[in-house]
Amino acid sequence: MTDYTITDVVPEHIDSILEIEKLCFSLPWNRRALENQMNSKSHLFLAAVDGSKVLGYIGMMKVLDEGYISNVAVAPQYRRHSIADALINALIKRTRGSLAFMTLEVRESNAPATALYEKHGFILVGTRKNYYEHPKENARLMTLFFNAEE
Ligand code: COA
C-alpha cells in the first residue's frame, strides 16, 4: 500500500513532475508550461505526494462550464496502486457542480489510460486524425458528462 496525499501543485513539486513528464511522454512539457499551469487561475493542478516527492499528477483547464484534462501521469514505479483513480476522483470532487462536462484526448494505442477514463465514466465522442506526433497517431476524444441536477 503506497502512502500519499493529494494536494495542489506548489513550486517544490515541479522538478519531480518534470522528471515524470520525461519518463512518460515523447514530447514532455517543459518547466515554463508546468509553472504556467500551476499559477493559472483557470487551471487546477493536483499531485499525489509522499512528503515532497510527487508520485503522480493531473491538470485541468476550466473554460466556463467546460473542463479539459491537459495531463495525467503516475511515475512508473507507483503505477497500479490506484493513484490515477484517486487523482481523477479528487478532480471530480473539486469541480463537480461547476462543470457541464470534462473532456480529454488520448492516444489510440494507450490502453491503460483509455481503461482509466472509461472506468470513470468518460465515453468516446470522436477521433482527431493524426493529432499526436512522435509517433504520429490518432487521438480518441473522450468526455465525461455531468448531470444538470448534480
Ligand atoms: N492496463 C489496463 N488498465 C489499466 C492499466 C493497465 N496497465 N493501468 C491502469 N489501468 C486502468 C484500470 O481501469 C484501473 O482500474 P482497476 O485497477 O480497477 O483495473 C484504472 O486505470 C486505475 O488504475 P490506477 O492504478 O489508478 O492507474 P495508475 O496510477 O497506474 O495510472 C496511468 C494510470 C494511465 C496514468 C499511468 O499508466 C501512466 O502514467 N501512464 C503514462 C502517462 C499516460 O499515458 N497518461 C495519460 C495520457 S492521456
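Quick note: the coordinates plus some simple rules give every number you see, no bench work behind them. Given the structure is predicted, the values throughout are model-derived calculations rather than measurements. Backbone-built Cβ (ideal geometry, glycine too); neighbour counts: all protein chains shown.
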**Report entry** DSSP loop trypsin sites (Lys or Arg not before Pro) with at most 13 other Cβ within 10 Å: longest gap in the chain
**Finding:** 1-40
Report task. Over the chain, calculate the relative contact order: mean separation of alpha carbon pairs under 8 Å at least 6 apart, over the residue count, as a percent. Result -> 18 percent
**Report entry** Set of aspartates and glutamates near Lys136 by C-alpha distance (under 12 Å), chain-local residues within fewer than 8 positions excluded
**Finding:** Glu108
Report summary line: For region 23-73, shape from the Cα gyration tensor axes a ≥ b ≥ c, cut at a/c of 1.5 then a/b versus b/c, turns out prolate
Query raised in the report: Applying the Karplus parametrisation 6.51 cos²θ - 1.76 cosθ + 1.60 with θ = phi - 60° to the phi angles of region 128-142, what ³J(HN,Hα) value in whole Hz is obtained for each residue in order, glycine and proline being reported as x?
Result: 10, 5, 6, 5, 9, 10, 6, x, 4, 6, 6, 10, 8, 9, 10
**Report entry** Expected 222 nm ellipticity per residue - DSSP helices of 4 or more, -39500 (n - 2.57), all of the chain, to 500
**Finding:** -8500 deg cm²/dmol
Query raised in the report: Once the principal axes of the Cα atoms of the chain are found, what is the range along each, listed largest first in whole angstroms?
Result: 39, 37, 32
Query - Set of aspartates and glutamates near Lys41 by C-alpha distance (under 16 Å), chain-local residues within fewer than 8 positions excluded - result: Asp8, Asp65, Glu66
Query - Cα gyration tensor shape of region 84-150, rounded if a/c is under 1.5, else prolate or oblate by comparing a/b with b/c - result: prolate
